[in-house]
Amino acid sequence: MESTDVLVIGSGIAGLCAAIEAARTGATVAVASAGKTMSGSSFFPGTWGLGLIGPVDEDDEQDLIDTIQTVGGGVADPTLVQTFVHGIPQAIQWLEQDLGVELQRPQSAESAQQKQFIPCFDHKTRMWRGLTRKPLEDACMAQVESLGIRLLPHHELIDLVEDTTGKIVGAVLFNQTNERIVTFTAKATIIAAGGTGGLFERSLTSFDVLSSSQAIARAHGASLTNIEFMQMMPGFNEPKRNLVFNEKTWRYVKFDQPVEIDDDKLDDLLEQRSGYGPFTSRLASRAIDLAIDQAGAEGLALHYDFPREDVPEFVQTFATWLQDEHGIAPTDEMRVAMYAHAANGGIKIDKTAYTGVEGLYACGEATGGMHGADRIGGLSSANGIVFGRIAGASAARAALGASEAAAPMDTALPQYGIATADAERLTRSLRHTMSTYCMINRTEADLSKALQELESLQDKAMALSKPHTNDCEIAALARLQSQIQLSMEMVKAMRKRTESLGSHYRAD
């Protein structure tokens with residue numbers, strides 16, 4: 001049994017910022033991640049990088065706060081939104097000056113005012129920065145090494161550990177390298193393991209986003225909020241899969257197959273659709289996404305028709321990346337399908353990143369409340385930095401102030417497992433169910449059917465479970481059960497919200 005002051009689960013932007021801040025506060029820190037270190041959606045290779053936005057100045061703060069609430073349909077937590085927006089400028093300064101991360105900027109003040117730099121779902125330009133993987137990786141690794149942060153790559157969270165008072169005092173991890181379960185004690189634990197994209201067949205997230213940590217936190221007393229709101233994003237199916245389709249380029253698209261949209265409306269709808277990335281039910285241009293969805297798993301055939309001159313900087317950056325990194329020319333025929341992308345809801349936290357369960361904090365895409373039904377572009381990465389830093393500082397203070405005379409641990413570890421082949425088969429069924437009934441078009445009949453199928457999968461998992469098995473099979477069952485539980489909670493929330501709101505579209 002190993003120990004640390006602060007244990008961080010997840011090594012994307014949120015987890016790394018939390019770990020660095022906790023270590024700078026004086027705590028010993030370990031970072032466990034299901035994949036390699038610096039993984040998850042933050043380092044997903046299917047796009048050029050991440051946009052990062054914030055208020056231009058103090059006068060712009062209130063406008064951004066109000067816009068988040070408007071775009072979010074009124075379901076975001078006002079206190080979290082205020083804490084979030086107020087913390088963005090300092091977080092960007094911390095990233096650049098303290099960590100030394102090189103951020104991209106618009107080429108000129110003039111280009112910064114181009115409409116292509118207006119964040120998706122927003123109504124005006126903000127302070128914009130571009131966050132690319134290599135500079136972020138280099139800066140974070142330098143901090144990890146200098147602060148002595150311990151890295152635990154390929155260590156998957158399968159459960160949390162409580163003491164006899166109910167306080168979280170560590171985690172049960174599955175070391176995928178040697179296929180052994182280990183218990184790690186910690187005075188404070190931070191969950192930053194990503195969103196819910198791992199529950200779907202087509203997902204613009206990394207393979208190590210397992211979408212199990214929210215259910216694990218809930219099983220130990222945490223609450224979920226806004227879990228029905230998940231961004232669905234157009235992505236390439238051909239000539240290469242799992243690449244984000246840049247929303248700014250919709251105005252240059254020509255369809256290569258018939259769609260159920262009037263020709264006299266199509267150009268206007270494509271222009272409107274160029275203003276945002278994920279699907280929303282709020283705008284008439286949802287017709288574009290519905291046409292993609294109707295095209296099915298193969299995707300909708302289309303190509304670009306870029307102008308010969310005056311291609312906007314943002315669009316040119318994407319087109320160059322697409323050509324240089326993936327060999328896709330603008331004139332190539334492409335197919336685009338709908339993919340699960342980022343969660344707007346998750347574990348409920350307060351402004352200190354506390355979950356309400358003693359010893360447990362959370363940050364990043366695993367959480368909810370600072371976004372609403374729709375999320376302004378560039379705020380997911382900002383969320384990871386702002387609340388990652390907050391979570392790290394809060395957890396470190398709690399750990400350093402903890403009494404050495406701790407209550408005894410409840411050390412009962414999971415004993416049942418499932419054959420990995422059975423777990424993989426049931427996981428495929430789960431993802432198929434979620435993709436069939438819980439993507440864009442949601443109806444009571446389909447959601448009811450989804451819940452029935454998930455309950456059946458839960459029964460099958462229990463029927464196939466067996467005692468006294470090996471650690472690999474124990475981890476497989478724990479992962480599957482958590483994924484089923486989170487899927488069921490999502491479907492229940494989707495059924496409860498009977499009206500369309502932002503990313504949640506009730507076709508009935």
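Values quoted throughout were computed directly from the atomic coordinates according to the rules given, and no laboratory measurement underlies them. No experiment lies behind these values; they were computed from the predicted model shown. Neighbour counts are summed over all protein chains in view; Cβ atoms, including those assigned to glycine, are modelled from backbone coordinates with ideal geometry.
The order of 268, 374, going from fewest to most other C-beta atoms within 10 Å of their C-beta, is 268, 374.
Quickly rank 196-209, 69-82 as a protection proxy: mean count of other C-beta atoms within 10 Å, highest first. Don't skip to the end; give the middle numbers.
Working: 196-209: 23.5, 69-82: 19.1.
With the highest mean Cβ count within 10 Å placed first, the list reads 196-209, 69-82.
To the nearest ten degrees, helix 263-273 and the longest principal axis of the Cα atoms of the chain are 40 degrees apart. For the chain, DSSP calls about 65 percent of its internal beta bridges antiparallel.
What length, rounded to one decimal in nm, is gained on full extension from residue 326 through to residue 301, with 0.36 nm per residue of separation minus their alpha-carbon distance? Can you show the working numbers first?
Working: separation 25, 0.36 × 25 = 9.00 nm, distance 1.83 nm.
So the extension gain works out to 7.2 nm.
For the listed residue pairs 187/348; 134/351; 167/351; 124/348; 36/134, the alpha carbons are over 24 angstrom apart in 134/351; 124/348.
Label-to-label distance for residue 409 and residue 219 is 1.7 nm, based on points extended 7 Å past Cα in the beta-carbon direction. With both labels modelled 7 Å from their Cα along Cα-to-Cβ, the residue 124 to residue 436 distance reads 4.8 nm.
Report the normalised scattering of segment 237-339 as log10 I(q)/I(0) at q = 0.12, 0.24 Å⁻¹, calculated by the Debye formula with identical scatterers on the alpha carbons. Result of the Debye calculation: -0.37, -1.58.
Explain nothing, just the number: relative contact order of the chain, from Cα pairs under 8 Å at least 6 residues apart, as a whole percent. Walk me through the numbers on the way to the answer.
Values: 1163 pairs, mean separation 118.8, N = 508.
It comes to 23 percent, rounded to a whole number.
Using only Cα atoms and rounding to the nearest 10 degrees, what angle (0 to 90) does helix 13-25 make with the longest principal axis of the chain? So the inclination is approximately 50 degrees. With R₀ fixed at 25 Å, the C-beta to C-beta distance from residue 63 to residue 96 puts the FRET efficiency at about 0.60.
In a fully extended conformation the segment linking residue 271 and residue 400 would gain 41.1 nm over its present Cα-Cα distance, using 0.36 nm per residue.
Percent relative contact order of segment 416-496, based on C-alpha pairs within less than 8 angstrom and at least six residues apart? Spell out each step's value before the answer.
Working: 86 pairs, mean separation 41.8, N = 81.
Worked out over segment 416-496, it gives 52 percent.
Helix 313-326 axis versus longest C-alpha principal axis of the chain: approximately 70°, rounded to the nearest ten.
Considering the chain at the alpha-carbon level, its Rg and Dmax are found to be 22.2, 73 Å.
Using a 10 Å cut-off on Cβ atoms, rank the peptides 150-160, 378-388, 494-504 from the highest mean neighbour count down. Working shown, then result.
Values: 150-160: 21.6, 378-388: 27.5, 494-504: 18.5.
The peptides rank, most packed first, as 378-388, 150-160, 494-504.
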